[in-house]
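To keep things clear, I will list the structure first and then write my remarks on it.
The values are calculated or read from the model by the stated rules, or taken from the named source; none is laboratory data. What you are looking at is a predicted structure, and each value in this text was computed from that prediction instead of being measured. Here the Cβ positions follow ideal geometry from the backbone for every residue, glycine too, while neighbour counts run over all protein chains shown. With ligands, DNA and RNA removed, areas are computed over all heavy atoms of the protein, side chains included. Shrake-Rupley method; radii C 1.70, N 1.55, O 1.52, S 1.80 Å.
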Amino acid sequence: MKKPNTPQLSLRVPEPSGRPGDAPDFSHLRFDAAGAVDRPDVASTPYEMRDHAFQLVRVLDDDGKAVGPWNPNLDPETLRQGLKAMILTRAFDDRMHRAHRQGKTSFYMKCTGEEAIAVAQGMILRREDMGFPTYRQQGLLISRGYPLVEMMNQIYSNASDPIKGRQLPIMYSSKEYGFFTISGNLGTQVPQAVGWAMASAYKGDDKIAISWIGDGATAEGDFHNALTFAAVYRAPVILNVVNNQWAISSFMGIAGGLETTFASKAIGYGLPALRVDGNDFLAVWAATKWAEERARTNQGATVIELFTYRGAPHSTSDDPSRYRPGDEHEKWPLGDPVDRLKQHLIALGEWSEAQQEEAEKDAVEQVRAAGKESEAIGTLGQSRPSVKTMFEEVFATEDWRLVEQRREVGV
Amino acid sequence: MVTASNAPASTPASGDVVPMNMIQALNSALDVKMAEDGNVLSFGEDAGYFGGVFRVTDQLQQKHGLTRSFDAPISECGIVAAAIGMGAYGLRPVVEIQFADYIYPAYDQIVSEAAKLRYRSGGQFTSPITVRSPYGGGIFGGQTHSQSPESLFTHIAGLKVVVPSNPYDAKGLLTACIEDDDPTIFFEPKRLYNGPFDGWHEKPVSPWKTQEFAQVPTGKYVEPIGKARVMREGNDVTILAWGTMVWVSLAGAEHAGVDAEVIDLRTLVPLDIETIEASVKKTGRCVIVHEAPKTSGYGAELSALVQERCFYHLEAPIARVCGWDTPYPHAFEWEYFPGPQRVADALKATMSGGR
């Protein structure tokens, strides 16, 4: 087969820097110091700001101080509100994870380590804007005050499930809260967000769209279609890539993350890109504000790579100890988003360990109260909407097949 | 025999009645709806300035503006996904997939997303989009310009599938699809764009203007989704067909000299089961004709439905005349394409109690 005297080819399959039993090693990653990256004008061309696709926007330094040109100078009340929403998100995750272990639901997905992203972005966007989330943006609903009990009713598929027992737990849907219905098919929502944003521009409105996709799913064609449409029609949309290092058990190198940054994928499409410390509430806030201003002033889309680490398993059906070093999350160089914002507020003299403890207790209490209310309605298998609803809303009106089949079920 | 009046329109037509071919009728439907409703817009590959490779969107950009009718990147998936987002916003986008053979890259967006939005969001989000796509063979298009993928969409909960067979219905049904609150897949039989085609490929195509169905009102009217049309009344056998096969079936019935009732389904989902059931119970026989390959084609579903509902009225096995289970060929198109001769053979076999 091989001709003589020619080199033998070999196939490379990328491997992560550590496997179970290894010490965590992040020496291949580059982190710019807090405050080191400049803040371009929102009117900059993608060409002018190419470097931003490779740098890392950070605001909070190791001492919890906000430094550099990206410091959004938020007032303490906004910071406290953000911290409390992150604490509540984590408490919610913990309880729902336990509820799964207790057999109250079939499935759950935590966002541990990624709370700053959805919370900050959920606080920035207006209620009439539309978010096209993945399954790890529960912080979006929580930061906007969506009732926890409604989230739990969805997770339990109980009689009060707002989407009537039709969706996998955690696949929420709320038009009122700017939360587009979640799809289990990865990446599909990104070009839809672009279409939604195009519609707002077509109508001459002032609403914008925001979407999220994981690092793994950027390999889906939908992501690339979305970038093309967003650039071509200058859609008012923020396109987030949450690079949390892991697509179930496949590390980000399998999605192309070793060859270049995910942010840099925007460059080929003529879109500006920012690469941001996703565990830094202030950096996420500042970058999102920058992209928001760009979108709202009719200058088009921005791609934001949010550099973070998925601390928890992919889902309750996953065991990360089988494919990565057990303590890798604790060693993540960008730390924990909740701790970092807490330290910042304490450094400002606007928060204390005692207040933190109080806030955590309060969050647990809120979640417990919502849990009791939801569980009183029922958990999975103990309660569910009328079976009649199974046949409803397939179409705006039932056709004869659905009527006949519903009668066959006897409802 | 052929009448345009036996399936009354749900809204009265307005405007002058003028001869149109199917392309002009579809163009008129879009033009009238875009003039009436600012939420209707149209886009697709080459569908803007140039007006579409088949000219269905001709002049819409010039009449309604650049943002109402525009060109899209060669990304069927992106086109449908953008339409879904627009539909969720409150618009009524009509997108063109240049050939139905190219709809497969958009399949996930149509099947997993558009079809399911209403259901999975508990009715909070809907997808009132129309996906137009020229389909079918008989134009020497080879494998990538001739397929009939309708059955792939009829299997999907949440989609409506509509196929007109003439200019009058094309305009009325497309108008209905645009106004429908659910996602509709609208397949345009491109062999019929310029004139009815009876399947005798050596005969010249007769222009639509000689046909009653080419008398199309210039104003707005709606043909209801879910209503079949009896194209030819008969007593001995019922033929179920749609698109180009309606005309092939009419020619086949004439060629066989059989008193066949020919039903143009017009809408595959939702299906007009009442008209089918009444006809088969009257005639006692059923022949199904479609262009798509036989295996798991929509004919299989129709055959099962007729068997379930009309078994004790049947005097012969249900017959299917379909495309073969091969990819669509180029050089062997007329051996592949179900023509009047095959329809006539099936009718005769059915009349003598089956093969």
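Suppose we compare each residue of region B:104-121 in its chain alone and in the full protein complex with a 1.4 Å probe; which ones drop by at least 50 Å² of accessible area?
Residues of region B:104-121 that lose at least 50 Å² of accessible area once the other chains are added: B:GLU113, B:ARG118, B:TYR119, B:ARG120.
For the B and A pair, go ahead and give the buried accessible area with a 1.4 Å probe, both sides summed, in Å² to 100. Walk me through the numbers on the way to the answer.
Values: alone 13760 and 18610 Å², together 28700 Å².
Buried: approximately 3700 Å² between A and B.
Could you give the spread of the C-alpha atoms of the protein assembly as shown along their three principal axes, from largest to smallest, in whole angstroms?
Sorted largest first, the three principal extents are 94, 70, 57 Å.
Defining a contact as two alpha carbons under 8 Å apart and six or more residues distant in sequence, what relative contact order in percent does chain A show?
24 percent
Evaluated at 25 °C with a viscosity of 0.890 mPa s, what Stokes-Einstein diffusion coefficient in µm²/s does chain B have when Rh comes from the Kirkwood expression over alpha-carbon pairs?
In µm²/s, the coefficient is 121.
Rounded to a whole number, what % of the accessible area of chain A do carbon and sulfur atoms account for, probe 1.4 Å?
Summing carbon and sulfur atoms, their accessible area is 48 percent of the total for chain A.
For region B:157-228, compute Rg over Rh where Rg is the Cα radius of gyration and Rh is the Kirkwood radius from the inverse mean 1/r over Cα pairs.
Dividing the radius of gyration by the Kirkwood radius yields 1.02.
Roughly how many Å² is the accessible area per residue of the protein assembly as shown, as a whole number, for a 1.4 Å probe?
Spelled out: the 1.4 Å probe surface of the protein assembly as shown, per residue, equals 37 Å².
Might you work out the accessible area of B:GLU277 for me, using a 1.4 Å probe with all protein chains in place, and round it to the nearest 10 Å²?
Accessible area of B:GLU277: about 40 Å².
What's the Cα-based Rg to Rh of region B:243-334, Rh via Kirkwood?
Result for region B:243-334 is an Rg/Rh of 0.97.
Given the protein chains as shown and a 1.4 Å probe, how many square angstrom of A:SER383 are accessible, to the nearest 10?
20 Å²
Test of understanding: what is the full-extension gain from A:GLU353 to A:VAL13, defined as 0.36 nm times their sequence separation minus their Cα-Cα distance?
This chain segment gains 117.8 nm when fully extended.
Can you tell me the Rg and the Dmax, both Å, for the Cα atoms in region A:96-226?
That works out to 15.0, 50 Å for Rg and Dmax.
Just the Cα atoms of region A:304-372: what Rg and Dmax do they give in Å?
Just the Cα atoms of region A:304-372 yield Rg and Dmax of 15.9, 43 Å.
Given the DSSP H assignment, sum -39500 (n - 2.57) over each helix run of at least 4 residues in chain B and divide by its residue total; what's the result at 222 nm in deg cm²/dmol, nearest 500?
On the way: 11 runs with 109 residues, N = 355.
The helix contribution divided over chain B gives -9000 deg cm²/dmol.
So which chymotrypsin sites (Phe, Trp or Tyr not before Pro) in region A:293-365 pass both tests, a DSSP loop state and at most 16 other Cβ atoms within 10 Å of the Cβ?
Those that pass, being in a loop and sparsely packed, are A:TYR323.
Please pull out the direction-averaged projected area of chain A, using the convex hull of its alpha-carbon atoms, in nm² to one decimal place.
Convex hull of Cα atoms, orientation-averaged projection: 25.7 nm².
Pick from A:ASP336, A:ASP327, A:ASP161: which residue has the top mean-square fluctuation in a GNM of chain A where Cα pairs under 10 Å get a spring?
A:ASP327
What distance in nm separates the simple spin-label points at A:GLU408 and A:LEU29, each placed 7 Å from Cα in the Cβ direction?
Placing both labels 7 Å beyond Cα along the Cβ direction yields 5.3 nm.
Evaluate Rg over Rh across region B:172-279, taking Cα atoms for both radii and Kirkwood's formula for Rh.
My calculation of the ratio gives 0.97.
Can you send over the carbon and sulfur percentage of the accessible area for chain B, probe radius 1.4 Å, protein chains only?
Ligands and nucleic acids excluded, carbon and sulfur give 54 percent.
Please work out how much length the chain gains when fully extended from A:ASN5 to A:ASP327, using 0.36 nm per residue of separation minus the C-alpha to C-alpha distance, in nm with one decimal. Please report the intermediate quantities before stating the final value.
Working: separation 322, 0.36 × 322 = 115.92 nm, distance 4.71 nm.
Residue separation times 0.36 nm, minus the Cα-Cα distance, leaves 111.2 nm.
When the Kirkwood hydrodynamic radius is evaluated over all pairs of different C-alpha atoms of region A:273-411, what value in angstrom, to one decimal, is obtained?
Answer for region A:273-411: a Kirkwood hydrodynamic radius of 20.8 Å.
With springs connecting C-alpha atoms under 10 Å apart, model chain B as a Gaussian network and identify which of B:THR184, B:THR57, B:THR67 has the largest mean-square fluctuation.
B:THR67
Work out which residues of region A:154-183 lose at minimum 50 square angstrom of accessible surface when the other protein chains are put back, relative to the chain isolated, with a 1.4 angstrom probe, and list them by number.
The answer is A:ARG166, A:LYS175, A:PHE180, A:THR181.
Which whole-number percent gives the relative contact order of chain B, counting Cα pairs below 8 Å spaced six or more residues apart? Could you put the intermediate results ahead of the total?
Values: 850 pairs, mean separation 63.9, N = 355.
Normalised by residue count, the contact order of chain B is 18 percent.
Could you please put B:SER146, A:SER106 in sequence from largest to smallest accessible area, using a 1.4 Å probe?
A:SER106, B:SER146
Could you report the accessible area of B:ILE110 in Å², rounded to 10, computed with a 1.4 Å probe on the protein chains as they sit in the structure?
0 Å²
Evaluate the relative contact order of region A:194-291 (contact order divided by residue number), counting alpha-carbon pairs under 8 angstrom at least 6 apart; express in whole percent.
26 percent
Would you mind getting me the FRET efficiency between A:GLU176 and B:THR210? Use the beta-carbon distance for r and R0 = 35 Å, nearest 0.05.
The computed FRET efficiency comes out at 0.05.
Quick one: what Rg and Dmax do you get for region B:112-199 from the alpha carbons, in Å?
Using the Cα atoms of region B:112-199, the pair Rg, Dmax is 14.6, 46 Å.
Quick one: if the Förster radius is 30 Å, what FRET efficiency do A:GLU398 and B:ALA300 give, using the C-beta to C-beta distance and rounding to 0.05?
0.80
In the neighborhood of A:ALA23, defined by Cβ-to-Cβ distances under 10 Å, what is the net charge if each Lys or Arg adds +1 and each Asp or Glu adds -1?
Numbers: positive: A:LYS331; negative: A:ASP22, A:ASP25, A:ASP327, A:GLU328.
Taking every Cβ under 10 Å from that of A:ALA23, the sum is -3.
When the Cα centres of region A:311-376 and region A:147-202 are compared, how far apart do they sit, in Å?
24 Å
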